[in-house]
Amino acid sequence: MKPSHLLLALLCAVLWGYGFVPSKYGAAHMPPLLFLALRFLLIVAMTIWFVPLPRGQWRPVIYYSLTLGVGHFALLYVGLRLGVEATTASIIWLSQVPLTTLLAFFFLGDRPTLRTVIGMSIALAGSAALISEPRIAGEPLAITLVVLSAIMWAVAAIQAKRLPQVSPVAFNAWMSLISLPVLLVLSFALETDQYHEFLAPDWKLHASLVYMALFSSVIGYGIWFYLLRRHPVSRTAPFLLLVPIIGVVSGVLTLNDPITWRTVISGLITFAGVALIVIKRPVVATPPAET
């Protein structure tokens, strides 16, 4: 990977890792479903004009959109609203990797190697140790929602594998458009005081919204899929390991999230397990052309 692509991969990890901070701030200072709906509205406004219609793919695209946009993101944001810290959410985010691998075995027939099975077991054990920490276990509903959000992300990843004809950028645009009305209905049915909280004179709140739509979603995913088109997954996936590290550091420094030795050790165990899964042993092969 040439230096410019290396810098892009690092930038993507930073954008996604820091994204746990504005997500937490936005969910804590605005009704979370409304915050998410407004994020998707901005994404639609910026991307929908540049992607083709998913002709012949509407049904699976709708299923995918509801799983990711409503299932994963809504559960995550409500969990953040109910008390899960940005640092905790960023570590649980790593569990999406072993969960996706597990679901791929059951639904796609992707048989994991022994190394992958060991990595999955270590990662899930680390996540279990984290959520059993007393201060985290004291918020059972909130932490359950965040764990369920990780499961929904894994389900969405399996669904996406069944849609090779739809580009990843189009996924993001159509997911946002399809999820938007559902989230608005849920917000007005389950949340209150949306109008006043949206108009609150809080520049950090509105900056968080712009960050999540523009930098995390549009730019972040744009960089990621640019790299995936030019490099094998084995080269790009290890950079995802930087996301929770940046998320933890950002949460501690900007939101004053508490950090304990148990959190650190649990995070390191989870990190080690995921590293076994995503970092593949090098093979001797002709390197792909870089452009």
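The values are calculated or read from the model by the stated rules, or taken from the named source; none is laboratory data. Everything quoted here is computed from the prediction, not taken from an experiment. Here the Cβ is made from the backbone with ideal geometry for all residues, glycine too, and neighbour counts use every protein chain on show.
I need the full set of residues from the range 20-61 which are part of a loop (DSSP other than H, G, I, E, B), modelled with pLDDT under 90 and of a type outside the set (D, E, K, R), in order please. Hits for the range 20-61 are 51, 52, 53, 54, 56, 57.
Quick one: in the range 120-175, which of the residues that are outside any helix (DSSP H, G or I) and polar (S, T, N, Q) is modelled with the lowest pLDDT? Checking each candidate, the answer is 165.
Check 179, 167 and return the single one that is polar (S, T, N, Q), under 30 Å from residue 52 (Cα atoms) and crowded, with 17+ Cβ neighbours inside 10 Å. Unique residue meeting the criteria: 179. Residue-level check: of (1) charged (D, E, K, R); (2) within 30 Å of residue 199 (Cβ to Cβ); (3) over 18 Å from the mean Cα position of the chain (by Cα), residue 24 misses just (3). If I ask for residues that are buried (at least 18 other Cβ atoms within 10 Å of the Cβ) and over 14 Å from the mean Cα position of the chain (by Cα), which ones from the range 83-97 would you list? Listed by number, the residues that qualify are 84, 85. Limited to the range 250-268, what total is found for residues that are surrounded by fewer than 20 Cβ atoms within 10 Å (Cβ to Cβ) and in contact (Cβ under 8 Å) with a residue 24 or more places away in the chain? The total comes to 9.
Inclusion of residue 75 among residues that are part of a helix (DSSP H, G or I), crowded, with 23+ Cβ neighbours inside 10 Å, under 18 Å from the mean Cα position of the chain (by Cα) and hydrophobic (A, V, I, L, M, F, W, C) is not warranted. Of the candidates 207, 213, the single residue that is small (Gly, Ala, Ser), surrounded by fewer than 19 Cβ atoms within 10 Å (Cβ to Cβ) and within 17 Å of residue 32 (Cα to Cα) is 207.
When residue 64 is tested against (1) under 27 Å from residue 92 (Cβ atoms); (2) within 19 Å of the chain's Cα centre (by Cα); (3) modelled with pLDDT of 90 or more, just one condition goes unmet, and that condition is (3).
From the list 184, 180, the lone residue that is part of a helix (DSSP H, G or I), in contact with a Phe, Trp or Tyr (Cβ under 7 Å, 6 or more places away or on another chain) and more than 19 Å from residue 12 (Cβ to Cβ) is 180.
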